[in-house]
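Asker: Before I ask anything, let me first share the structure, which is written out below as structure tokens.
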Amino acid sequence: MSQKVTPDTFRSVFKLVDKDVLRWFPGHMGRGLKRMQQKLRSVDCIIEVHDARIPISGRNTDFKYTISGIKPHILVLNKIDLIDKKLIPKIQERLKDEYQNVVFTNCKDQKCKGVKKLFPLAKDLIQKSDRYNRADAEDNCMMIIGVPNVGKSSLINALRIKNLNKGNATHVGATPGITRSVLHKIKMCEDPLFYMLDTPGILTPKIENAEVGLKLALCNTIQDHLVGETIIADYLLYWLNKNGHFSYMDVFQLEKATDNILDVLTQISVKHNKMLKIRDATNNYVYKPDLDYAAKVMIKSFRNGHMGKIVLDEDLL
């Protein structure tokens, strides 16, 4: 593990052969966006949730024009348990001109300060805003928006547990796109009376570049099979090497850092004793490493935080 590694040892650019893999905007997303727009008249405040590992990349910029408009807006950066907290001031500085109200949350932590401050902040913003057609409404209604699998449902459930002492009101899953429909109002708090409209995750119809798309895929906002696990794992290896994060050497017990994803996946497969039995050209059975299995192991290790606290947008701060 003592091998000297330098930036010039590795790729400086990640080349994606087939960029079509990042063009993913299912029909239900377009329909969901239209239904969200139809419900805006009954909404006082927009809560946009995004993954704190990609605070700059991948947010649906169309929301600003199609959903948020002039309504009070709070950006919630979730999953801060997976990032280096020393970077939070840099994230705040980077976002301050565009977003005045940024809250950092870890919905797994019932004592999370960000979760606790969300309702008081929303109430204050709503009181200072022009509610127009809802000026006489006694309740406060928020709409929660964001790309898939960033923790919208987890935030709703965390807020309900804190304010109503009630269990889950919406399903939480590790697969992008669990919430497919715009639901009815979910009660979030009795005093003051708050409701939340749950919404499906909506990706931007056009991802600006391949690297943004791969960051989204790595954070599980795009289903893995649509991009390809090996491609996602290769981008992860590229990013780790480029940014000097060599924790994968210890995680996967590698003797040296490498820029060859096939080497990494082969070693993972062998160590996990995951081999594929296939016939060769002579019709004899041979065993080959299960690279797809190994790629899934590598991706899961990153998503679970086993490679350390990482912000994929570190170079953009």
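The values are calculated or read from the model by the stated rules, or taken from the named source; none is laboratory data. Computed from a predicted structure; not experimentally measured. All Cβ positions, glycine included, derive from the backbone under ideal geometry; neighbour counts span all protein chains shown.
Asker: Take the residues in the stretch 158-175 that are among the charged types (D, E, K, R) and buried (at least 16 other Cβ atoms within 10 Å of the Cβ), then tell me which one is modelled with the lowest pLDDT. Can you show your working first?
Answerer: So in the stretch 158-175, the residues among the charged types (D, E, K, R) come out as 160, 162, 166.
Filter once more, so that each one left must be buried (at least 16 other Cβ atoms within 10 Å of the Cβ): 160, 162.
Details: Arg160: 91, Lys162: 86.
Out of the qualifying residues, it is Lys162.
Asker: Is there any pair linking a residue in the stretch 302-317 that is in the same structural domain as Lys242 (by TED's automatic domain parsing) and without any contact (Cβ under 8 Å) to a residue 40 or more places away in the chain to one that is in a helix (DSSP H, G or I) and hydrophobic (A, V, I, L, M, F, W, C), with Cβ under 6 Å and at least six apart or on different chains, and which?
Answerer: Note: no pairs meet the criteria.
Asker: Then there is this: Quickly run through the stretch 268-289 and pick out the residues that are small (Gly, Ala, Ser) and more than 24 Å from Ala233 (Cα to Cα). Can you show your working first?
Answerer: Going residue by residue through the stretch 268-289, those that are small (Gly, Ala, Ser) are 269, 281.
If the condition is that a residue be small (Gly, Ala, Ser) and more than 24 Å from Ala233 (Cα to Cα), then Ala281 is the only one that fits.
Asker: Working only within the stretch 101-120, note down all residues that are more than 10 Å from Asp81 (Cβ to Cβ) and not in a helix (DSSP H, G or I).
Answerer: Initially, the stretch 101-120 is screened for residues more than 10 Å from Asp81 (Cβ to Cβ), giving 101-104, 110-111, 113-120.
Result: Asn101, Val102, Val103, Phe104, Gln110, Lys111.
Asker: Among all residue pairs at least 6 apart or on different chains, which show Cβ distances below 8 Å where the first residue, located in the stretch 173-200, is small (Gly, Ala, Ser) and the second is modelled with pLDDT under 55?
Answerer: Cβ pairs passing all conditions: Gly177/Pro26; Gly177/His28.
Asker: Which residues, taken from the stretch 55-70, are assigned to a helix (DSSP H, G or I) and of a type outside the set (Phe, Trp, Tyr)? Can you show your working first?
Answerer: Step one: of the stretch 55-70, the residues assigned to a helix (DSSP H, G or I) are 63-68.
Answer for the stretch 55-70, where residues must be assigned to a helix (DSSP H, G or I) and of a type outside the set (Phe, Trp, Tyr): Lys64, Thr66, Ile67, Ser68.
Asker: Within the bounds of the stretch 236-257, is there any residue that is of a type in the set (D, E, K, R), buried (at least 16 other Cβ atoms within 10 Å of the Cβ) and more than 21 Å from Ser57 (Cβ to Cβ)?
Answerer: No, the stretch 236-257 contains no residue that is of a type in the set (D, E, K, R), buried (at least 16 other Cβ atoms within 10 Å of the Cβ) and more than 21 Å from Ser57 (Cβ to Cβ).
Here's the yes/no breakdown for (1) buried (at least 22 other Cβ atoms within 10 Å of the Cβ); (2) not small (Gly, Ala, Ser):
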residue	(1), (2)
Gly32	no, no
Asn60	no, yes
Thr66	no, yes
Lys108	no, yes
Lys117	no, yes
Ala122	yes, no
Gln127	no, yes
Tyr132	no, yes
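Asker: Can you pull out every residue in the stretch 37-54 that is basic (Lys, Arg) and either assigned to a strand (DSSP E or B) or more than 15 Å from Asn106 (Cα to Cα) (or both)?
Answerer: Here is the first cut: in the stretch 37-54, the ones basic (Lys, Arg) are 39, 41, 53.
Lys39, Arg41 - these are the residues of the stretch 37-54 that are basic (Lys, Arg) and either assigned to a strand (DSSP E or B) or more than 15 Å from Asn106 (Cα to Cα) (or both).
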